[in-house]
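One structure below.
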Amino acid sequence: MEWTFSSYPGTRFISERFPPLESRVGQWSKKRLLDELGHGGLLARDRILARELAKRDLTDDELLAVFASRWMFENGALLQAVVDAGQAGRYAGAIRKYLLTYQPADDKSRYPNPDPFKIVSRAKDANISDATLDQLRQVHAAYGTFIEAAAHGATPDDYRALKERPCPDDALTPACGRALREMRKRLGLDEDGNPLATK
């Protein structure tokens, strides 16, 4: 199932339910939202706060400061809110810097946030293929990183660089192959990354 705010059932565990937190945060200042998100907390609550923060006049530095103040595995809610609000392009610089330093949690079962590269791969208004390709050069590159690079790579060089990288998970090799085929089709390339001759 695709990860969305509404698909997470943990809202019943948020203490501010009467009245609901969603009805309160619109009156909160940006500083309060930043402070509340800065120390992390219940995932469902963070998603509500992040969704509201994404509506505000947030600067790149403020977004990076929130990312830096939290554990890496806690940033899925905030990043998803930015993407859902159509603001990934606006904050592409901050997102790129964050992704270049991202380290996945060792225990995915304890920290269920989706891979940030998978989140950003759904953005229609941002191209951070340079960050994803840099991450793929790291030892612990994630499958989501590979898919994001294929979804947003914009040049034949991007394709060739990605094609030279092995799929991060052998079990997902067919999916990586499909992503590369879709990238070739989108960019009009042959298997070697050369532009197809126009008729």
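The values are calculated or read from the model by the stated rules, or taken from the named source; none is laboratory data. What you see is a predicted model; the values in this text were computed from it and never measured. Cβ placement follows ideal geometry from the backbone for every residue including glycine, while neighbour counts extend to all protein chains displayed.
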Flagged in region 163-199 as charged (D, E, K, R), modelled with pLDDT of 90 or more and in a loop (DSSP other than H, G, I, E, B), in numbering order, are D190, E191, D192
- [ ] Could you check, for region 172-185, whether at least one of its residues is of a type in the set (D, E) and either buried (at least 19 other Cβ atoms within 10 Å of the Cβ) or farther than 20 Å from I128 by Cα (or both)?
- [x] no
Of (1) crowded, with 19+ Cβ neighbours inside 10 Å; (2) free of Cβ contacts under 8 Å to residues at least 60 places away in the same chain, Q80 satisfies every one except (2)
**Asked** Is it the case that some residue within region 119-135 is modelled with pLDDT of 75 or more, assigned to a helix (DSSP H, G or I), in contact with a Phe, Trp or Tyr (Cβ under 9 Å, 6 or more places away or on another chain) and under 21 Å from L53 (Cβ atoms)?
**Response** yes
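Out of all the residues in region 52-60, is one or more among the aliphatic types (A, V, I, L, M), assigned to a loop (DSSP other than H, G, I, E, B), at pLDDT 85 or above and not assigned by TED's automatic domain parsing to the domain that holds P168?
Yes: one or more hits.
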Within region 19-60, restricting to residues that are without any contact (Cβ under 8 Å) to a residue 24 or more places away in the chain and among the acidic types (D, E), the one that is surrounded by the most Cβ atoms within 10 Å (Cβ to Cβ) is E36
Out of (1) assigned to a helix (DSSP H, G or I); (2) modelled with pLDDT under 85, the one I95 does not meet is (2)
